């Protein structure tokens, strides 16, 4: 079952990145650097962690590996919504007042994180 868990993580990450780029393209915001950039809808980091936790749960039930993966997912989610999102807001303010071009799309809104979570769970279930 290990390969299915790994595939679930990889497919979740790639699916999130592809969806992000499709959304950016549809909104006229796509750039070549968007291919692997952080931020945006859905969160690829959270999708990957959700696929890992779901895959471990389906494989092992509530185990020590599953527990560690849930803790990792909580840390990644808190970072995406909290720290990285606020860094993006600060970068936008700095760009506005100092005429610079710092990256502003580095974090996620709660909806982007929720979408990443749902995507990761669905992919892990489909590949289980």
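The values are calculated or read from the model by the stated rules, or taken from the named source; none is laboratory data. Please read these numbers as outputs of a predicted model, since none were measured by experiment. Glycine also receives a Cβ, built like all others from the backbone with ideal geometry; neighbour counts cover every protein chain displayed.
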Any hit, region 96-113, residues being under 18 Å from residue 36 (Cα atoms), modelled with pLDDT of 75 or more and in a helix (DSSP H, G or I): yes
Residue within region 20-37 that is closer than 20 Å to residue 126 by Cβ and part of a helix (DSSP H, G or I) present: yes
Any chance residue 8 is surrounded by 15 or more Cβ atoms within 10 Å (Cβ to Cβ), more than 16 Å from residue 113 (Cα to Cα) and under 17 Å from the mean Cα position of the chain (by Cα): yes
Count of residues meeting criterion [modelled with pLDDT under 95 and surrounded by 22 or more Cβ atoms within 10 Å (Cβ to Cβ)] in region 49-92: 1
